[in-house]
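The values are calculated or read from the model by the stated rules, or taken from the named source; none is laboratory data. As the structure is a computational prediction, the values presented were derived from the model and not from experiment. Cβ atoms come from the backbone with ideal geometry, glycine included; neighbour counts cover every protein chain shown.
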Amino acid sequence: MIKAKLQQYNEYLSQARAVTTDNAYPLSIVLGFQTGDIYESDDKEAVLFWHYCGFAYISGNPSEEFLNEVYGLMESGTRRLVLITNDDRVISYMETRGCSINHRLEYSCTGADPVTINADRFRIVPIDKNNITRIKGRIIPSFSWENNEQFLNNGFGFVAMEEDNICAVAFSSAVSDVEVDIGVETYEEYRKNGLAAALAQTMCDEIIRGGRKPAWSHAEANMGSRNTALKCGFIEERRVTTCQKDRN
């Protein structure tokens, strides 16, 4: 396995586009929008794209030796590696190594009727340098962006506010030249106010205005995320598998 140098990343554009699951994360690395690592097999037949957030994708025809090395990265525990794939050979290999096998749903957007919120109580504003440090939670820009400067330069998003309090956030979790994957989180005390759907739809409008396609994905068990996606006009495109080594 050979780790690519940063100046070589653009050489892997065709392999990133060939990823058969959501390829916004691999493309975001190759195009230099977000941080990640690229590894190529010694035989040049397969490439691993490992995004800053921990999502990883294999393009090409991986040998067992290459999969051994990918598993070694999982096992090292240096940082999270969640392999997202629909390759039965890869899934079978990871099952034999005792990885947790789960599923994600990936969606594309067809458009929907506007989602309304209580405008007397809440307002939606862009994420900027003045409010980004006040965003708290797990699925927020720091989930997939190495630092605030990188996000503000290459990504975008919105927050819902009640007076001066941030209540929910939606942001570009991964960006490519053709697609933007959306991440959303609502603070627990503000749930059931339609904020997630309103923010997601605001993101969709902004993405489409920019000439790209909105994308959405979530763990299969996350019915709240699924309900938000359907409300905003997303349709399920594929069911993919996640492989991850359990941490003690």
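Data overview
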quantity	calculated
Selected residue [in the same structural domain as G155 (by TED's automatic domain parsing), among the polar types (S, T, N, Q) and closer than 25 Å to Q150 by Cα] from N118, N130	N130
Any hit, the range 73-86, residues being within 21 Å of the chain's Cα centre (by Cα), more than 12 Å from K245 (Cα to Cα) and not hydroxyl-bearing (S, T, Y)	yes
Single residue of the range 100-109 satisfying the filter (buried (at least 16 other Cβ atoms within 10 Å of the Cβ) and touching a Ser or Thr at 6+ places or on another chain (Cβ under 9 Å)) that is farthest from A200 (Cα to Cα)	R104
Matching entry among D177, D164 (being surrounded by fewer than 17 Cβ atoms within 10 Å (Cβ to Cβ), under 17 Å from T133 (Cβ atoms) and not assigned by TED's automatic domain parsing to the domain that holds D22)	D164
Among (1) surrounded by 18 or more Cβ atoms within 10 Å (Cβ to Cβ); (2) out of contact with any His (no Cβ under 8 Å at 6 or more places or on another chain); (3) under 15 Å from T242 (Cα atoms) - the single one F66 does not satisfy	(3)
Given (1) surrounded by 14 or more Cβ atoms within 10 Å (Cβ to Cβ); (2) outside any loop (DSSP other than H, G, I, E, B); (3) not polar (S, T, N, Q), index of the condition A112 fails	(2)
Test: residue in the range 179-201 that is in contact with a Leu (Cβ under 8 Å, 6 or more places away or on another chain) and hydrophobic (A, V, I, L, M, F, W, C)	yes
Criterion violated by I58 - all others in (1) within 18 Å of Q244 (Cα to Cα); (2) surrounded by fewer than 23 Cβ atoms within 10 Å (Cβ to Cβ); (3) modelled with pLDDT of 95 or more satisfied	(2)
Qualifying residue in the range 72-89 (condition: touching an Asp or Glu at 6+ places or on another chain (Cβ under 7 Å) and not in a strand (DSSP E or B))	no
Selection within the range 170-214 - under 26 Å from N118 (Cβ atoms), in contact (Cβ under 8 Å) with a residue 40 or more places away in the chain and among the acidic types (D, E)	E185, E206
Residues of the range 199-240 satisfying the condition of being touching a helix residue (DSSP H, G or I) at 6+ places or on another chain (Cβ under 7 Å), surrounded by fewer than 21 Cβ atoms within 10 Å (Cβ to Cβ) and closer than 22 Å to D87 by Cβ	H218
Residue check, I29 under 19 Å from M1 (Cα atoms), touching a Leu at 6+ places or on another chain (Cβ under 9 Å) and among the β-branched types (V, I, T)	no
